[in-house]
Structures are given as C-alpha cells and as structure tokens.
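Read through the structure below, which is laid out as structure tokens, and then see the notes.
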Amino acid sequence: MSEDGPEYGYAADARPLWDEQNWAAEQIRILLRAAGCPEFPALGGFSVNNEEPFLVAPAGVTDTTATARYTAVLTSAGYRVEPFPDDEVMVQAWPPAGQRPIPPPRSLWRRACGECGEQMTRVESAASRTHGWAGRCADCQDEHLAAAADDT
C-alpha cells in the first residue's frame, strides 16, 4: 500500500485497487464491459470476485447464454476459463500467464480542482474522471449541485 493512495489506482466506479488481485479482477470487468456485457446490479449483469480463480457469474438468472458470452470474451483475451463445479451459470477464470499489473502514472492520480485549485483526494480525482464531476473537488461539486438545484 502506498501513502499516496492505492498502489494500482482506481476502478471505473472509483473503488480503490490496493493489490494485484483487485487489479486483475478489474481487468476482467473492463473486458466484459467493453464487450457490452451488463454489470451487476442489472438482471443478468456480471459480478467478479477478487480472488484467483476469479469467479464470474450473471446475477439472478439461470440461463447460460450470459455465461457463454463471458467465456467467449475472456477466452479470446487469453484467459483460461472453466465451468464452476456444480453450477451451470458461474465460471472460473485465470488470467493469462504474462498479465502483470502496471500501476498508473502518479501524475494521473493527483489533480487540482478546476474551480478552487486545491489538490483533490484520490477518490475525488477518480470521481471527477468517471462520474461527471467535471474536474471539481467534492466541496465544489456540492456547491455546483446546490446552485443547479436553486436554478430549477
């Protein structure tokens, strides 16, 4: 763990990636999202655990169509994929042998708020990039949302 934040950056939903296992699970999520697979909590949306072998399962369905799609996507990316014992919809996935985490450049982790100029926290910076905060820290985002609410 780094004093500057999670060693491997943040997931798309601003979740910290503290270790290689979290990073590897996020790589599976990235592949499945890019292939157009819905993510939990959507019905049939995938979920991925953070331990190897990584378990990938569609939520709330027993149809194996989603499982076949996950298998095809992951296999084409070099993952070894096998059915989970005694479960028709869950699969186990192992990353390709050469897959190694690459920590993001530190310059991408820390940003100044576009409104007040103060350094944002790691979570604020991630939210600014992925959740539409438009380069604002949490305080400036709160002010922006309050002003927008007043205008309506």
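Of all residues in the stretch 65-97, those satisfying the criterion of being open to solvent by 60 Å² or more (accessible area, probe 1.4 Å), touching a residue at least 12 places away in the same chain (Cβ under 8 Å) and part of a loop (DSSP other than H, G, I, E, B) are F84, E88. When the stretch 11-35 is filtered for residues that are free of Cβ contacts under 8 Å to residues at least 60 places away in the same chain and in a loop (DSSP other than H, G, I, E, B), the ones remaining, listed by number, are A11, R15, L17, W18, D19, A35. Only residues that are open to solvent by 50 Å² or more (accessible area, probe 1.4 Å), assigned to a loop (DSSP other than H, G, I, E, B) and in contact with a Gly (Cβ under 6 Å, 6 or more places away or on another chain) were counted in the stretch 38-64, giving 2.
The values are calculated or read from the model by the stated rules, or taken from the named source; none is laboratory data. What you are looking at is a predicted structure, and each value in this text was computed from that prediction instead of being measured. All Cβ positions, glycine included, derive from the backbone under ideal geometry; neighbour counts span all protein chains shown. Note: accessible area is taken over every heavy atom of the protein model, side chains too, but ligands, DNA and RNA are not part of it. Shrake-Rupley method; radii C 1.70, N 1.55, O 1.52, S 1.80 Å.
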